[in-house]
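Enquirer: Take a look at the following structure, please.
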Amino acid sequence: MRICQVMASRGDGGLEKHTLELCSELANRGHTVTLIADPIFQERIPDGVLFLPVSMKRWRNNPLFLYALWNAIKNSRSDVIHAQANKAAAIVGKLRAFLKPPMIATVHNQKRSVRMFGYFDRLIAVSKGVAISLPADSTSVIYNGIKLPQPRDLSRNLAHLFDLNSRHPVLVSIGRLVPAKGFDILIDAISGLDASLVIIGEGSERQSLEEKIHNLDLGKQVKLAGFRDDISDLIAASDGVVIASRVEGFSYVFAETMLLRMPVVATEVPVANEVLSENDLVTRDNPGALHSRLQEKLADMSGWRAQQSAAFEFAEQHFTLDAMVSSVENIYSQAITG
């Protein structure tokens, strides 16, 4: 199968990770894969994937830009075209009348406006929550998959590593330090608990979070660890993971934690709210509810993990890269055969 992937973003987050890993695995399975993306990705293109760079800086209605994109898609001579996320879908959709192959788009976040997806033959939503606003007859839910995490060091002592109270359990929370991730709520919630918290990530909210930690006198209990490249090790060495997000399309942190068979408390956001029981979820923007739920879980930590055994099994069936790619291949085949 000849597959053309179009990615219009220029970032370095979950969307880009998803697209590059999908391209790589499709190529490994023997498909001819072309990725059209901004030149900044030149050094990150997986082996076996053809790369056609098109600058994504330009205004999306620029005729020269649209012609360059159309020409790149045409030159890929693909059997199916796959646009990744909102911006790529909006741009590729404008070319619908000039493209013959079936068109597929993946929707990565909940959207108020989904008009741009009306030009596509099939839609993929990364969670049931994302799928709610999309037409049911043409939409399939395929959870993002990741390579099975392989912790390198299971002997980590997080209390020692981050200078925390050795008698307290250590919780971790991971993500960009931005309002959507709800770390301000989590810091409020941890106050008064006999537990420590390590927040892993960097972002624009770092200073305000540092001020909150200082104002609540939590400097010995809550640590901002910054960017780390040993996430799997830290999750595996922790006593549990907390996701306090206000908004999510699909949480890679949740998927990785489930595949590591570590327990989670999360706000009611995708994809945690589609997998966990109500006893492991809390309402968003509610530090009191999050505090109470964590207190309950920390009082019976072995029970906390045991109660999520079904969620661990679900993750092993749906959150792996192999499962995701197989499902995407099925969508391509269905679109091509009509």
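Enquirer: Among residues belonging to segment 102-131 that are more than 18 Å from the chain's Cα centre (by Cα) and aliphatic (A, V, I, L, M), point out the one that is nearest to residue 22 (Cα to Cα).
Expert: Of all residues in segment 102-131, those more than 18 Å from the chain's Cα centre (by Cα) come to 102-104, 112-122.
Among the residues that remain, those that are also aliphatic (A, V, I, L, M) are: 103-104, 114, 116.
Working: 103: 17, 104: 14, 114: 23, 116: 23 Å.
Only one residue fits best here, namely 104.
Enquirer: Under the condition of being over 25 Å from residue 175 (Cβ atoms) and in contact (Cβ under 8 Å) with a residue 40 or more places away in the chain, which residue from segment 36-59 is surrounded by the most Cβ atoms within 10 Å (Cβ to Cβ)?
Expert: The qualifying residue surrounded by the most Cβ atoms within 10 Å (Cβ to Cβ) is 36.
Enquirer: Still on this model: For segment 171-198, how many residues are touching a residue at least 40 places away in the same chain (Cβ under 8 Å), surrounded by 23 or more Cβ atoms within 10 Å (Cβ to Cβ) and assigned to a strand (DSSP E or B)?
Expert: Residues meeting the conditions: 5.
Enquirer: Something else now. Out of the residues in segment 139-150 meeting the condition of being at pLDDT 95 or above and more than 17 Å from the chain's Cα centre (by Cα), tell me which one is surrounded by the most Cβ atoms within 10 Å (Cβ to Cβ).
Expert: In this case the residue turns out to be 139.
Enquirer: Which residue, of 129, 118, is out of contact with any strand residue (DSSP E or B) (no Cβ under 9 Å at 6 or more places or on another chain) and either among the hydroxyl-bearing types (Ser, Thr, Tyr) or surrounded by fewer than 17 Cβ atoms within 10 Å (Cβ to Cβ) (or both)? Explain how you work it out, then say what you get.
Expert: On the way: 129 fails: either among the hydroxyl-bearing types (Ser, Thr, Tyr) or surrounded by fewer than 17 Cβ atoms within 10 Å (Cβ to Cβ) (or both).
From the options 129, 118, the qualifying one is 118.
Enquirer: Sort through 153, 79 and tell me the only one that's farther than 30 Å from residue 222 by Cβ and surrounded by fewer than 21 Cβ atoms within 10 Å (Cβ to Cβ).
Expert: Details: 153 fails: farther than 30 Å from residue 222 by Cβ.
None of the others qualify; the one that does is 79.
Results for (1) at positive phi; (2) part of a helix (DSSP H, G or I); (3) in the same structural domain as residue 307 (by TED's automatic domain parsing), shown as yes or no for each residue.
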site	(1), (2), (3)
219	no, no, yes
224	no, no, yes
229	no, no, yes
233	no, yes, yes
246	no, no, yes
249	no, no, yes
253	no, yes, yes
256	no, yes, yes
261	yes, no, yes
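Enquirer: Please count how many residues of segment 1-35 are under 21 Å from the mean Cα position of the chain (by Cα), outside any helix (DSSP H, G or I) and touching a residue at least 24 places away in the same chain (Cβ under 8 Å).
Expert: Restricting attention to segment 1-35, the residues satisfying the condition of being under 21 Å from the mean Cα position of the chain (by Cα) are 5-26, 35.
Okay, now just the ones that are also outside any helix (DSSP H, G or I), so 5-13, 35.
This time we only want the ones that are touching a residue at least 24 places away in the same chain (Cβ under 8 Å), so: 5-10, 13, 35.
So the answer is 8.
Enquirer: Which count do you get for residues in segment 5-33 that are under 18 Å from residue 326 (Cα atoms) and out of contact with any His (no Cβ under 7 Å at 6 or more places or on another chain)? Quick ask: steps written out before the conclusion?
Expert: Going residue by residue through segment 5-33, those that are under 18 Å from residue 326 (Cα atoms) are 5, 17-33.
Imposing the further condition that a residue be out of contact with any His (no Cβ under 7 Å at 6 or more places or on another chain) reduces the set to 17-33.
The qualifying residues number 17.
Enquirer: Select from segment 271-291 the residues that are in contact with a helix residue (DSSP H, G or I) (Cβ under 7 Å, 6 or more places away or on another chain) and among the charged types (D, E, K, R) and write down the one among them that is farthest from residue 144 (Cα to Cα).
Expert: Looking at the filtered set, the residue picked out is 285.
Enquirer: State which residue pairs qualify: first residue assigned by TED's automatic domain parsing to the domain that holds residue 52 and inside segment 78-94, second residue surrounded by fewer than 24 Cβ atoms within 10 Å (Cβ to Cβ) and among the basic types (Lys, Arg) in any location, beta carbons under 8 Å apart, and separation of 6 or more residues or different chains.
Expert: From segment 78-94, the pairs are 78/2; 79/2; 80/2; 86/111; 87/60; 90/60; 91/60; 94/60.
The values are calculated or read from the model by the stated rules, or taken from the named source; none is laboratory data. The structure presented is a predicted model; accordingly, all values stated were derived computationally and were not measured. FYI the Cβ positions are ideal-geometry reconstructions off the backbone, even for glycines, and counts take in every protein chain you see.
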